[in-house]
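Student: Next up is a structure, given as structure tokens.
Every number here is computed from the coordinates shown, using simple stated rules; none is lab data. Computed from a predicted model, the values in this text were never measured in an experiment. So basically every Cβ, Gly included, is an ideal-geometry build from the backbone, and we count neighbours across all protein chains shown.
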Amino acid sequence: MANKEITNKRYTSIVTIDPDTLKSYKFQNNEIKLNKLSSFKKENFYISIINLKNLITDPIEISRNIPEEDLDSAIDIQVYDELNLDPAVQYTIFYKEFFGFDNNSKRKFNVFAIETLKIKEEFTKVVKKVKYIDYIAPEPLLFKSLYDKNFLNKDSIDCFLYFKKKDAFLAIYSDGEYLYSKSLSFSLEKMHEKYCEIVGENIPYDDFINFILSGTSINISRSNQRLIVKLYKEIFVYINDIIFYAKRAYLIENIHRIYINSDVGIFKNIDRYIRTYMDIEPHELNFVIAKNAKETQSEQLHNLMILTALNYIEEPDDDLNFSIFKRPPPFKQRPSGKMLLIFLISLIISLAYPIYEFGYSYFLKLQFTNLKEKEHKLFTEASLIRKQLMILNKKEKTVQAKLTKESNKLNFKEKLLKQIYNKKVHYPMKIMILVDIFKKINKYHSKLYKMDIVTDNNRTIMVFSVFSRKDKNITELIKALTKMKKFEISTKEIKNDNKKKMYLSDIKVVLNDNI
């Protein structure tokens, strides 16, 4: 159990909120308990989440030549273009750069975007209860806290699976940093519907949940219980395809561990199906953060929200904070507080300089009005520029496509002429060489089981994969081929296949196409 305390004296407790169900937990004095949302209390730190299915997420690439001061604008323009966002709609957009991307001329960023109006809609019920939310985190970014709080080591590539009643998602982390996430189609409700379809009868949702948690049910026949294999196979083959895509897109060799859990708990025998259909070592996503964890069985997403809140309280960072319902700063830091202080000072000074103060106040009002007009004008111009850039980008892509098409035609004709020439002039001689090589292979008691031929820089490279019961036969074959002096001969090694009792070697023969 990890001992986690709130170090900031401004807050005495952390309150987590699920925006869909309004389920809430309170973390205080290293204990966690169910919480009834009633009203906002300034001593509580409030944290909630945005469901991944509501977010627009995608990686984008930005040139390294763009200065840091222009980075926000460049990303903003590219996000609107590549993600086909409506320029007339206001979006809340955050991004995070990730490394290990092998491209010296480009920087790569993971982008998270959502309509600002949708945030208001998703949290309407929450703000009616507590009015302010200090932090709203995207679901897949919650797992970062497990590395920051040393629950997990940062020297691996991990996958996290989480199933909720109405949605589910997957997230991949590399060396403790977020890399990729995907909303899944198999929520708990969808799993239930699919299982009913497989067994051909309507099974109550609660009976299904109890069954997948315990592995047995008196309300489900044994024959139908065995059909759960079909459901898990479809789920994990589908998830495996997503992971396969992510590994190719992000140049990942292996996923070291996969952590899985759900809002209702861990599924019975789920580790067996993960090993069978995904070939990844499964682990239960179950991290204890409170000393009364056995008495209060809190969902892992709420535990992760608590860890994320602890990180934020210790080191505030709003780079990925989607909250538009933040509490106002202390009174003296608010614009109204500052205005009041200015007013009091002005009132004192105005006793001596009434005319000066009146004129200065009027000047500030004019300046404020002028800045508001400029802000509106700049927003309109920015929207127009985004539209123009989108049009120009589309034209550029059209021209580039035409150029590529014509270039491909020219390259095709050039290659075709070369191939015709090569086949007419060089192939008869190469066939004679092949015949000689085959004769040598037979002569030295060896067998050919594979042959690859490629062309590289006017050279033909042939790789003869041979095997023999004696390594001496292959050695003598290589010497004999070398003495022919018609081509270059090389081989890396002669391998011994103990199971088949054979010796294997890949003999590389390089021909000059001018032969």
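Student: Using θ = phi - 60° and the Karplus relation 6.51 cos²θ - 1.76 cosθ + 1.60, list the HN-Hα couplings for region 502-508 in order, rounded to whole Hz, with x at every Gly or Pro.
Tutor: Per residue, the Karplus-derived 3J(HN,Hα) values read 10, 10, 10, 7, 9, 9, 9 Hz.
Student: Which residues' amide hydrogens lie under 5 Å from the amide hydrogen of GLU488, considering only partners 5 or more residues apart or on another chain, with H built in the peptide plane?
Tutor: Amide H neighbours of GLU488: VAL510.
Student: Next question. Using amide H atoms built 1.01 Å from N in the peptide plane, name the residues 5+ places from HIS283, or on other chains, whose amide H lies under 5 Å from its own.
Tutor: ILE258, TYR259, ILE260
Student: OK, next. With the crude spin-label approximation of a point 7 Å out along Cα→Cβ, what separation in nm comes out for ILE198 versus LYS131?
Tutor: For ILE198 paired with LYS131, the spin-label model returns 5.0 nm.
Student: OK, next. THR124 to LEU371: FRET efficiency via 1/(1 + (r/R0)^6), r the Cβ-Cβ distance, R0 35 Å, to the nearest 0.05? Please list the in-between numbers first.
Tutor: Values: r = 31 Å, r/R0 = 0.90.
Computed FRET efficiency for THR124 and LEU371: 0.65.
Student: With label points built 7 Å along Cα→Cβ from the Cα atoms of THR216 and THR12, find their separation and express it in nm.
Tutor: 4.9 nm
Student: Could you tell me the relative contact order of the chain? Use alpha-carbon pairs under 8 Å, at least six residues apart, and round to a whole percent.
Tutor: Working: 704 pairs, mean separation 66.3, N = 515.
With pairs under 8 Å counted, the relative contact order is 13 percent.
Student: Multiply the residue separation of LYS402 and LYS439 by 0.36 nm, subtract the distance between their alpha-carbon atoms, and state the gained length in nm to one decimal.
Tutor: Working: separation 37, 0.36 × 37 = 13.32 nm, distance 5.10 nm.
Separation in residues times 0.36 nm, less the Cα-Cα distance, equals 8.2 nm.
Student: I've got another one for you. Could you size up the charge dipole of region 99-199 around its Cα centre, putting +1 on the beta carbon of Lys and Arg and -1 on that of Asp and Glu, and report it in debye to the nearest 20?
Tutor: Numbers: 18 positive and 15 negative charges, 93 e Å.
I would put it at about 440 debye.
Student: With a Förster radius of 25 Å, plug the Cβ-Cβ distance of LYS485 and ASN411 into 1/(1 + (r/R0)^6) and report the FRET value to the nearest 0.05.
Tutor: Values: r = 36 Å, r/R0 = 1.43.
Once rounded, the FRET efficiency stands at 0.10.
Student: Could I ask something else about it? How much length, in nm to one decimal, is gained on full extension between LYS33 and ASP20, taken as 0.36 nm per residue of separation minus their Cα-Cα distance?
Tutor: Values: separation 13, 0.36 × 13 = 4.68 nm, distance 1.91 nm.
Between LYS33 and ASP20, full extension yields an extra 2.8 nm.
Student: Sticking with this structure for a sec: Would you tally the net charge around PRO316, using a Cβ to Cβ cut-off of less than 12 Å, leaving PRO316 out, and scoring K and R as +1, D and E as -1?
Tutor: For residues surrounding PRO316, the net value is -4.
Student: Then there's this: Quick one: Karplus J couplings for region 107-121, per residue in order, coefficients 6.51, -1.76, 1.60, θ = phi - 60°, nearest Hz, x for Gly and Pro?
Tutor: Running phi through 6.51 cos²θ - 1.76 cosθ + 1.60 with θ = phi - 60° gives 10, 10, 10, 8, 10, 10, 9, 7, 4, 4, 5, 5, 4, 4, 5 Hz.
Student: Something else about it: Compute the label zone of TYR245 within region 83-97: residues whose backbone N is under 20 Å from the point 7 Å along Cα-to-Cβ.
Tutor: The answer is 83-85, whose backbone nitrogens lie closer than 20 Å to the label point.
Student: Only helices at least 30 Å long along their own axis, judged from Cα atoms, and with Kyte-Doolittle mean hydropathy of 0.5 or greater: name those in the chain from DSSP H. Display every interim value, and only then the final one.
Tutor: Numbers: long enough: 228-249 (32 Å, 0.60); 354-425 (103 Å, -0.71).
Taking the DSSP H segments of the chain (at least 30 Å long, mean hydropathy at least 0.5), we get 228-249.
Student: Report the net charge of residues surrounding ASP452, where surrounding means a beta-carbon distance below 13 angstrom and charges are Lys +1, Arg +1, Asp -1, Glu -1.
Tutor: Details: positive: LYS450, LYS508; negative: ASP456, ASP506.
After counting each charged neighbour, the total is 0.
Student: Let me ask another. Put +1 on the Cβ of every Lys and Arg and -1 on every Asp and Glu Cβ in the chain; which of CYS196, PHE412, ASN442 then has its Cα farthest towards the positive end of the dipole?
Tutor: Farthest along the dipole direction, towards plus: ASN442.
Student: Return the loop-located GluC sites (Glu not before Pro) in region 166-250 (DSSP other than H, G, I, E, B) with at most 15 other Cβ atoms within 10 Å of their own Cβ; answer none if there are none. Spell out each step's value before the answer.
Tutor: Values: sites: GLU177, GLU189, GLU193, GLU197, GLU201, GLU234; in loops: GLU201.
For GluC sites (Glu not before Pro) across region 166-250 that sit outside H, G, I, E and B with at most 15 neighbouring Cβ atoms in 10 Å, the list reads GLU201.
Student: Taking the Cα centre of the chain as origin and charging only Cβ (+1 Lys, Arg; -1 Asp, Glu), how large is the dipole, in debye to the nearest 20? Numbers along the way, then the final one.
Tutor: On the way: 84 positive and 66 negative charges, 478 e Å.
So the dipole magnitude of the chain works out to roughly 2300 debye.
Student: Starting from 0.36 nm per residue, how many nanometres of slack lie between LYS501 and ASP58 once their C-alpha separation is accounted for? Mind showing how you got there, number by number?
Tutor: Numbers: separation 443, 0.36 × 443 = 159.48 nm, distance 5.18 nm.
Contour length minus the Cα-Cα distance gives 154.3 nm.
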